[in-house]
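Readers should treat all values here as calculations from the given coordinates under stated rules, not as data from a laboratory. These numbers were taken from a predicted model, which means no experiment stands behind them. Ideal geometry is used to build each Cβ from the backbone, glycine not excepted, and the neighbour counts take in all protein chains shown.
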Amino acid sequence: MADIKKIIEDINKLRKERKAVILAHNYQLPEVQEIADFVGDSLGLSRQAAKTDAQVIVFCGVYFMAETAYILSPEKKVLIPDSASGCPMADMITAKQLRELKTKHPGALVVAYVNSTADVKAETDYCCTSANAINVVAKLIDKELIFVPDKYLGSYISKILKKEMILWEGYCPTHLNITPEAIMAKKNEYPNAKVLIHPECRSDSCALADEVASTEGFVRYAKSTSVKELIIGTEVGMLTRLRKELPEKTFIPVSEQAICPNMKKNTLEKVLWSLEELKTEVVLPELIRLKAKKAIDRMVEIA
Ligand code: 13P
Ligand code: SF4
């Protein structure tokens, strides 16, 4: 077992030498969140990636998030500590499948959830994250829309905006563990608690929420409410961030089984390796990057 203190010392020394910034998603391992320069949701992380002066970004998240950082900042070296940390939902649709779908609906615009590959984003008109999906679709309310890849986020938007969309059958396997039965069991146990649910959860689970929000939205809601007990319907890594920032409150996970195995692949040892070897670098063909960037820029413009 490697000495954790020594690994952290080495990470700190190298991050200075390399002029690197370490970004971590809210679902990362507690020890990775602890050493990160910034912890946040997909939207917050891409904003940080775009505005940092650092020459090297060590991106502790899943692959599409590191790709998004590269799309926005190709002049920086974007590294992912474990390049096998993919997002199964993002891999549920390919660019070829999306092209076929567009052929069936020639008049439709495509909105892609940021949890998609760069190849898919390049075939897309607008991008969105869980934090701004409602705003993006609201601006396109009169258009025929294809929404990919998350059928649950798509259904949630449709319900809120009363807007029909052509949905792809993608979903997050981790968020399927947040069932209505599990939420009801926690509500019965903690009758005064508020329920926060991520929109990647099933529609019947979202229907039980006091607030449906992105992971950063969870932090904002928990800070602004006077309620002391909160039931958390998302990946368990979220509890690290919430408990650290609000130690006086009680956070109850809907399911301890809601673990994203890919988010947990970026260990401290791999962060150190990443800084030592400057690997694994995330790069994209320039044409794909530019086309994907257009969809992200349109999101930023309208959201
Ligand atoms: P957020 O953008 O809300 O952090 O969600 C990303 C994600 O992958 C959730 O599963
Ligand atoms: Fe993808 Fe789900 Fe993991 Fe988020 S939690 S990265 S959607 S598999």
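Side notes on the structure shown:
- Spin-label model, GLU17 to LYS51: label points 7 Å out along the Cα-to-beta-carbon direction sit 3.1 nm apart.
- Here each label is just a point 7 Å from Cα along the line to Cβ, and for GLU75 and VAL227 those points are 4.6 nm apart.
- Chain lengthening between SER83 and TYR190 when straightened (0.36 nm per residue, less Cα-Cα): 34.5 nm
- With both residues required to sit in the chain, DSSP beta bridges show an antiparallel share near 5%.
- Computed on the chain, with alpha-carbon pairs under 8 angstrom and 6+ residues apart, the relative contact order is 24 percent.
- Per DSSP, loop GluC sites (Glu not before Pro) in region 14-79 with at most 13 further Cβ within 10 Å: GLU75
- A Förster distance of 22 Å, applied to the separation of the beta-carbon atoms of GLU164 and ALA207, puts the FRET efficiency at 0.75.
- Pairs of Cα atoms nearer than 8 Å and 6+ residues apart set the relative contact order; for region 181-274 it is 26 percent.
- Net charge contributed by nearby residues that have their C-beta within less than 13 Å of VAL56 (K/R +1, D/E -1): 0
- Neighbours of GLU75, meaning other residues whose beta-carbon lies under 15 angstrom from its beta-carbon, give a summed charge of +3 when Lys and Arg score +1 and Asp and Glu score -1.
- Its relative contact order, with pairs defined as Cα atoms under 8 Å and 6+ residues apart, puts region 175-214 at 43 percent.
- Relative protection proxy for 296-302, 124-130, from highest mean packing down: 124-130, 296-302 (other beta-carbon atoms within 10 angstrom).
- The GluC sites (Glu not before Pro) of region 134-230 that meet both conditions, a loop assignment by DSSP and at most 11 other Cβ atoms within 10 Å of the site Cβ, are GLU164, GLU169.
- The distance from the alpha carbon centre of region 109-153 to that of region 44-58 is 23 Å, rounded to a whole number.
- R0 of 25 Å, Cβ-Cβ distance LYS104-ASN135: FRET efficiency to nearest 0.05: 0.35
- Here r is the Cβ-Cβ distance between GLU286 and THR250 and R0 is 41 Å; the resulting FRET efficiency, rounded to 0.05, is 0.25.
- Calculated [222 nm] ellipticity per residue, helices only, for the chain: -12500 deg cm²/dmol; basis is -39500 (n - 2.57) per DSSP H run with n ≥ 4, divided by all residues, nearest 500.
- Seen from ASN262, the other residues with C-beta closer than 11 Å to its C-beta sum to a net charge of -1, counting Lys and Arg as +1 and Asp and Glu as -1.
- Rounded Å value of the spacing that divides the Cα centres of region 171-250 and region 280-303: 31 Å
- Cα gyration tensor category, rounded, prolate or oblate, for the chain with a/c compared to 1.5: oblate
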